[in-house]
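Undergrad: Structure incoming, see below.
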Amino acid sequence: MIRYLLGRLGQAALLLVGVSFITFVLLYILPADPARQLAGRSATPETVEAIRVQLGLDRPFHEQYTRYLGNLVQGDLGRSYAQKTEVTEVVAARLPPTLLLMAGAIVVELAIGLTIGVLAALRPGSRFDHGAMILSFVGVSTPQFVAGILMLYVFSVQLDWFPVGGYGTWRHLVLPALTLGLLGAGWYSRMMRSAMLDVMARDFVRTARAKGVSEWRVVLVHAFRNAVLPIVAMIGIDIGLFMSGAVIVESVFGWPGIGQLAWQAIQQVDIPIIMGVTLVAAVAIVLGNLLADLVAPFMDPRVRLRTPTNR
Amino acid sequence: MKRRVLLAALMAASLIGPMAQAQTPKQGGSIVVTYKDDIVTLDPAIGYDWVNWSMIKSLFSRLMEYKPGTAELVPGLAESYDISKDGLTYTFKLRKGAKFHNGREVVAQDVKYSLERTINPKTESPGAGFFDSISGTDAFKKGKAKEIKGITVVDPGTVKFTLTRPDATFLHAIAINFASVVPKEAVDAAGKDFGKKPVGSGAFMLAEWKLGQQLVFKRNPDYYVPGVPRLDQITFQVGLEPMTAILKIEKGEADFAGDGIPPAKFLQIRNDPKYKDSIIEGGQLQTGYVTMNVQMKPFDKVEVRQAVNMAIDKQRIVKIINNRAVPANQPLPPSMPGYDKNYQGYAYDPAKAKELLKQAGLEKGFKTTLYVYNVDPNPRIAQAIQEDLKKVGIDAQIKALAQANVIAAGGKAKTAPMIWSGGMAWIADFPDPSNFYGPILGCAGATPGGWNWSWYCNKELDARAAKADALSDPSKAAEREEMWRGIFTDIMKDAPWVPIFNEQRFIMHSKRLGGNDAYYVDPVRIPINYDYIHLSGN
């Protein structure tokens, strides 16, 4: 187990270096010049050059990158070009809201997705089944921007149940979490439905029924536990989806997370912040996947962990 | 609606009267203002976007300020000032009793320190270039001098500036945010984080800042203007889309949408009688234009540039953006001193345009590229321009790019034949015509990385501009304005630009807010003048 973990963490570290390298290259070849952006419209070419030297942007690429990597190892993500503050500080302030939003979204997608999926699978072909699958299709295909604005209009402005955007209380969390979780709920309801249909047709379910186990126990204990396995493994992978969704959902609802931060930094060519957010997102995705793999054997003893070297 | 249309020029002329007889504004109360983007910084040496611009004005004070709601210069931290006969020395007497938020009195040494801090290349201030006429800035910037010798502290209440040349825009420069006075001890204590822990001597002080969530401004009880600010507190909620912000105002959760009315909702809101008293329209010191690179064929020929000027139907473009602008015929916006009301410009005349192209030997037309910022409505505007040009035989291909990339292309020699300036258009840093010349139409801006995207450089006009700016004697203001008027109409003879329109500002506030409309469309404090707005009622 520990060997496996160390192997995976080693892989993760390499992956992060790769991500940092690719992001750095992409930002390096960008035609926009951060020094000019900073210097403003009234600056003379000499001022722009002076700023470029101060930021170290005049150095050759390999030097800039190795210096960045050297600082990174020491936990230093640099200073924001536009805000002049430490990137770690800015990102740290924005990370908790995003994590909270993701947690909310996971609850939403599991609660809605699994419930609908199980109910639809109990009566395949019924009206409820058809309705639920159409609904899940809508959930999967509605752009998050549209869903967010619609929810705001209906639940905040018309019904006055929730505040119009912002951050602070659980009431602020409901609508953004719903919007972000809707997509996943759509996916999970479909996956859960087919997994349940599959499991319900298995021999052990028939055996359970034959033993006289009550129907709800058959569904919830015997079938559900087996059907839900592949889905739990998906949650870790979802983190990547959430990271991209957060950019949109956070701006619609004024949620002060790192998605919003990234969007603003991109517009300002604030390279240290873009790098910082990309790395944090990469770490989250890597950890999410790792967690999914670690949890799987506990849920299903048939799954065994293998160290990467054994492959 | 008409009656609510206010232009800065009219304001400057007519406000003094009505303002004096206005009822005493309501004191106290707090409001909520929303913005989409988080505040980048509140450091006056650094902040240079229109979200933090007016906030910085309210946190800090400068030697010179503008009469609220107008573009008229008045003394601020200075009590009085004196300009020497040769226009080379400015002496400011400081107001007694003006205090920083930390309780210390503002003295002349603070003025010197603050300007040196802005001009010091280590600060990386985008505003350092505004003070080049102060003697000794060059040596200081290059590290050859420890201080700027042109700024002298005569005594704690007096500061003197020596210039290298007479500069009619100097008082504007000293009124710009980058000249805000900051206390050295607070800057030293905060270090690079001064932008997050600002200490000034303005009407408001920063009470709270939750990154990415909200900022709270509290009234500065020691502010040197009695009765100002009118509000006790302003909460800035950041991260809210303009659409969400409007919903918040409708529901009474916010009072003012800093980003304005989103285009998609504009017509609906404007035509709704419910909002009649909540929407204010004003001019702004902005011109949207198409540049033609005079170093690139065939725009090196003046006939071609004039032809393009006649080929574009500006009225139609204004309609495309729901009449949120007025058609332009010259570089200066109508509310800017020096604007020529009588100038007719190039009227829309495709037949004449074709004729001019024929004269230039291009009766078969030509192919070119139009660069444009890829955010709505700019691509739609570019398409309208493309259709118009097609009618006279010019085949313009549209290249829609991210903002920074268009700016980069414009600043690179012989790269972008045409650029539609929308979304990046020039908005004046201060209300003076010279600010619309040097960087965007003068030879100084026609350098790599510059903002003169036409690469137009007319030495004769440069000399005339320098002469106009040397007329720093306030009694010669009218003469100077006349000179600038001539410069801009002469530029149009060479037609390096097609001026398309001047954007109008539409702002929406909640019913709770009242007061003079002029404070909501203040030409210098964009989007609004936080110090003077107040709750409605008495």
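Laboratory data are not the source of any read-out in this text; all were calculated from the coordinates shown. What you see is a predicted model; the values in this text were computed from it and never measured. Counting neighbours? That spans all protein chains shown, and the Cβs are built from the backbone with ideal geometry, glycine included.
Undergrad: Could you tell me which of B:84, B:61, B:97 has its Cα farthest along the dipole of the stretch B:59-99 towards the positive end, charges placed at Cβ (Lys, Arg +1; Asp, Glu -1), taken about the Cα centre?
TA: About the Cα centre, the residue reaching furthest to the positive side is B:97.
Undergrad: Right, something else. What's the angle, to the nearest 10 degrees (0 to 90), between helix B:477-494's Cα axis and the longest principal axis of chain B?
TA: That works out to roughly 30 degrees.
Undergrad: Around residue A:189, what is the net charge, scoring Lys/Arg as +1 and Asp/Glu as -1 over all other residues with Cβ under 13 Å from its Cβ?
TA: On the way: positive: A:190, A:193; negative: A:109, A:129.
Summing Lys/Arg as +1 and Asp/Glu as -1 gives 0.
Undergrad: Using 1/(1 + (r/R0)^6) with R0 = 51 angstrom and r between the beta carbons of residue B:147 and residue A:28, what's the FRET efficiency to the nearest 0.05?
TA: On the way: r = 38 Å, r/R0 = 0.75.
Here the calculated transfer efficiency is 0.85.
Undergrad: Still on this structure, I have one more. Antiparallel DSSP bridges in chain B: what percent, to the nearest 5? Display every interim value, and only then the final one.
TA: Working: 50 of 70 bridges.
Among the beta bridges of chain B, antiparallel pairing accounts for roughly 70 percent.
Undergrad: Quote the relative contact order of the stretch B:287-416 in percent (integer), defining contacts as alpha-carbon pairs under 8 Å separated by 6+ residues.
TA: 26 percent
Undergrad: Taking the mean number of other Cβ atoms within 10 Å as a proxy for protection, how do you rank B:530-537, B:479-486, B:264-271 from highest to lowest?
TA: In descending order of packing, they fall as B:530-537, B:479-486, B:264-271.
Undergrad: Report the one residue of A:118, A:147, B:118 whose Cα lies farthest in the direction of the positive end of the charge dipole of the protein assembly as shown (charges on C-beta: Lys and Arg +1, Asp and Glu -1; origin at the Cα centre).
TA: A:118
Undergrad: Which order do A:130, A:62, B:101 fall in if you start with the one that has the fewest other Cβ atoms within 10 Å?
TA: Working: A:130 12, A:62 8, B:101 21.
Listed from fewest to most nearby Cβ atoms, that is A:62, A:130, B:101.
Undergrad: Let me confirm one metric for peptide B:396-408, namely the mean number of other chain beta-carbon atoms within 10 Å of its residues' beta-carbons.
TA: Working: counts 0, 0, 0, 0, 0, 2, 6, 5, 11, 4, 2, 6, 6.
So the per-residue partner count for this stretch is 3.
Undergrad: Please name which of A:268, A:216, A:283 has its Cα lying farthest along the dipole of the stretch A:158-283 towards the positive end, using unit charges on Cβ (Lys, Arg +1; Asp, Glu -1) and the Cα centre as origin.
TA: A:216
Undergrad: Using alpha carbons only, how many degrees (0 to 90, rounded to 10) separate the axis of helix B:459-469 from the longest principal axis of chain B?
TA: 30 degrees
Undergrad: Check cross-link reach from residue B:142 to the lysines: straight Cα distance under 24 Å, and skip same-chain residues fewer than eight apart.
TA: The qualifying lysines are A:84, B:112, B:122, B:160, B:184, B:192.
Undergrad: Let me ask something else. Based on other C-beta atoms within 10 Å, arrange B:194, B:140 from fewest to most.
TA: B:140, B:194
Undergrad: In whole Å, how far is the Cα centre of the stretch A:60-125 from that of the stretch B:160-232?
TA: So the two Cα centres are separated by 35 Å.
Undergrad: Let me ask something else. Taking the mean number of other Cβ atoms within 10 Å as a proxy for protection, how do you rank A:257-270, B:108-121 from highest to lowest?
TA: So the order, starting with the most tightly packed, is A:257-270, B:108-121.
Undergrad: About the Cα centre, and with charges only on the beta carbon of Lys, Arg (+1) and Asp, Glu (-1), how big is the dipole of chain B? Nearest 20 debye, please.
TA: In debye, rounded to 20, chain B gives about 600.
Undergrad: Report the net charge of residues surrounding residue B:105, where surrounding means a beta-carbon distance below 11 angstrom and charges are Lys +1, Arg +1, Asp -1, Glu -1.
TA: Every neighbour counted, the sum reads +2.
Undergrad: Among residues other than residue B:219 whose Cβ falls under 15 Å from its Cβ, what is the net charge (Lys/Arg +1, Asp/Glu -1)?
TA: 0
Undergrad: Could you give the angle, 0 to 90 degrees to the nearest 10, between helix B:350-359's Cα long axis and the longest principal axis of the Cα atoms of chain B?
TA: Computed tilt is about 70 degrees.
Undergrad: For the protein assembly as shown, what is the charge dipole size about the Cα centre, in debye to the nearest 20, if Lys and Arg each add +1 at the Cβ and Asp and Glu each add -1 at the Cβ?
TA: 1780 debye
Undergrad: Then there is this: Under DSSP H, which helices of chain A have Cα atoms covering 27 Å or more of the helix axis and a Kyte-Doolittle average no less than 0.5?
TA: Helices meeting the criterion: A:2-28, A:87-122, A:170-200, A:229-253, A:271-299.
Undergrad: Compare A:214, A:244, A:141 in a GNM of chain A, Cα atoms joined below 10 Å, and give the one with the largest fluctuation.
TA: A:214
Undergrad: Report, as an integer, the average count of C-beta atoms from other chains found within 10 Å of each Cβ along B:246-252. Mind showing how you got there, number by number?
TA: On the way: counts 2, 7, 8, 1, 2, 7, 1.
That works out to 4 on average.
Undergrad: Most exposed first by the Cβ proxy, i.e. fewest other Cβ within 10 Å, how do B:460, B:355, B:65 rank?
TA: Numbers: B:460 9, B:355 16, B:65 21.
Exposure proxy ranking, most exposed first: B:460, B:355, B:65.
Undergrad: Counting only other chains, and only Cβ atoms inside 10 Å, what mean value do you get across the residues of B:47-55?
TA: 1
Undergrad: Using the crude model of +1 on Lys and Arg Cβ and -1 on Asp and Glu Cβ, and no other charge, please compute the dipole size for the stretch B:288-503 relative to its Cα centre, in debye to 20.
TA: Charge dipole of the stretch B:288-503: 720 debye, to the nearest 20.
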